[in-house]
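A short worksheet on the structure shown next.
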Amino acid sequence: MSSKPILTSGIRPTGEIHLGNYYGALNNLVELQQSYEAYFFIVDIHSLTTHPNPEHLSRNVLEVARNYLAAGLDPEQSTFYTQSSIAAEICELHTYLSMVMPLGDLMRCPTFKEKAKRHPDNVNYGLVGYPVLMTADILIHKGRIVPVGEDQLVHLEIARTIVRRFNQLYGEVFPEPQPVEENAVRIPSLNAQGKMSKSDQADSYISMGDEPDAVRQKIRRAFSDPTRAYKHQPGNPTKEGCNVYHLHSYFTDPAKLAETAYKCRRAEIGCAECKTVLAESILSLVEPFQTKRAGLADDYVLEVLRHGGRKAKESAGKVIAEVREAIGLRMF
Ligand code: TRP
């Protein structure tokens, strides 16, 4: 048994990832795997709230698993599985937790209200209970640490409420999970409109699946310093002054970046040359990822998930036994 704190992290099974997701996830993963006893799981049951096409769902789960493995998730160090591989335990715990969670709080939850407003024709029971299912994901391993983006903080507050109410009724069964802010790197979009996002048009972000030439082309068209109209004008290589410089600051090594900025300031190079440097810096991240990803056969990915599922089931089984005992379901 490891004495490191237990961390749980759910991953949504949405297929494609972009450079911003990858950069953030990679940095987080490497750090978290070492500091915690980590459980990473793909939340395929949660995704059913929006009724994904069954073929797409199973394909996406596999793709997401492959992405995380290519990004450096180490299935020996961490437990990596699909939520549905411990469906019995998760759904059972979810039911018990649902009995202590006030419905009013769930219906007032801002994420629920927003989804209900956006899709009034699909306000299902599972959607209201989404945070309770998420709590089950965490508590099934007695998770203490949950890396979350800002949007998930309200769900973690609900998880903490559930723990307090449950423990009040049945004794100190669960620890109160703590959020740790994800290393929120906001990689700017190529068109300088906020951060990189898949919901924007395709040429505003680099997909980790883009061919090298597509990456080069997107960077060539990226928004740079709007005040620099001609090559003979000196540029303004600062994060605020030039979106391309801002991107460089994440991906280009400091010495190379200093040299490029120096030449830009002296109008020795134009934006085209500067963008070539950026494209190569980004490709030095994208290409090894693609090579690694291509080398992960379906059978291997499935075997990793099966192995993780077995480890998760063992941990979940212990907690479920303890919960049943605590609540008085102890006839057999
Ligand atoms: N709700 C999270 C999201 O949308 C995913 C998630 C499900 C999760 N269960 C979890 C995250 C448990 C952390 C812990 O991103």
Given (1) of a type outside the set (A, V, I, L, M); (2) crowded, with 19+ Cβ neighbours inside 10 Å; (3) not assigned by TED's automatic domain parsing to the domain that holds Leu19, number of the condition Ser249 does not satisfy: (2)
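Taking segment 32-63 only, how many residues are part of a helix (DSSP H, G or I) and within 16 Å of the ligand (Cβ to nearest atom)?
The number of residues fulfilling the criteria is 10.
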Would you check which residues across segment 65-84 are touching a residue at least 60 places away in the same chain (Cβ under 8 Å) and either of a type in the set (A, V, I, L, M) or within 20 Å of Ser47 (Cα to Cα) (or both) and list them? Ala65, Arg66, Asn67, Leu69, Ala70, Ala71, Phe80, Tyr81, Thr82, Gln83
Name the helices (runs of 4 or more DSSP H) wholly inside segment 86-186 in which the number of residues that are assigned by TED's automatic domain parsing to the domain that holds Leu247 and within 12 Å of the ligand (Cβ to nearest atom) is 2 or more. none
Selection from segment 187-202 of residues assigned to a loop (DSSP other than H, G, I, E, B) and either surrounded by 16 or more Cβ atoms within 10 Å (Cβ to Cβ) or touching a residue at least 24 places away in the same chain (Cβ under 8 Å) (or both) yields Ile187, Ser189, Leu190, Asn191, Ala192, Met196, Ser197, Lys198, Asp200
Let me spell it out: the conditions are (1) touching an Asp or Glu at 6+ places or on another chain (Cβ under 9 Å); (2) outside the structural domain of Leu29 (by TED's automatic domain parsing); (3) surrounded by fewer than 16 Cβ atoms within 10 Å (Cβ to Cβ); (4) closer than 30 Å to Val146 by Cα, and Gly209 meets all of them except one. Which number is the exception? (3)
What residue, of Ala326, Ala312, Ala321, Ala294, is modelled with pLDDT of 95 or more, over 30 Å from Ser224 (Cβ atoms) and in contact with a Ser or Thr (Cβ under 6 Å, 6 or more places away or on another chain)? Ala312
Segment 156-179, residues that are crowded, with 16+ Cβ neighbours inside 10 Å and farther than 20 Å from Ile320 by Cα: Leu156, Ile158, Pro179
Residues of segment 12-55 being out of contact with any Pro (no Cβ under 7 Å at 6 or more places or on another chain), among the hydrophobic types (A, V, I, L, M, F, W, C) and over 18 Å from His307 (Cα atoms), which ones? Ile17, Leu19, Ala25, Leu26, Leu29, Val30, Ile45, Leu48
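The values are calculated or read from the model by the stated rules, or taken from the named source; none is laboratory data. None of these values were measured; they are calculated from a predicted model. Cβ coordinates were reconstructed from backbone atoms using ideal geometry, including for glycine residues, and neighbour counts include every protein chain displayed.
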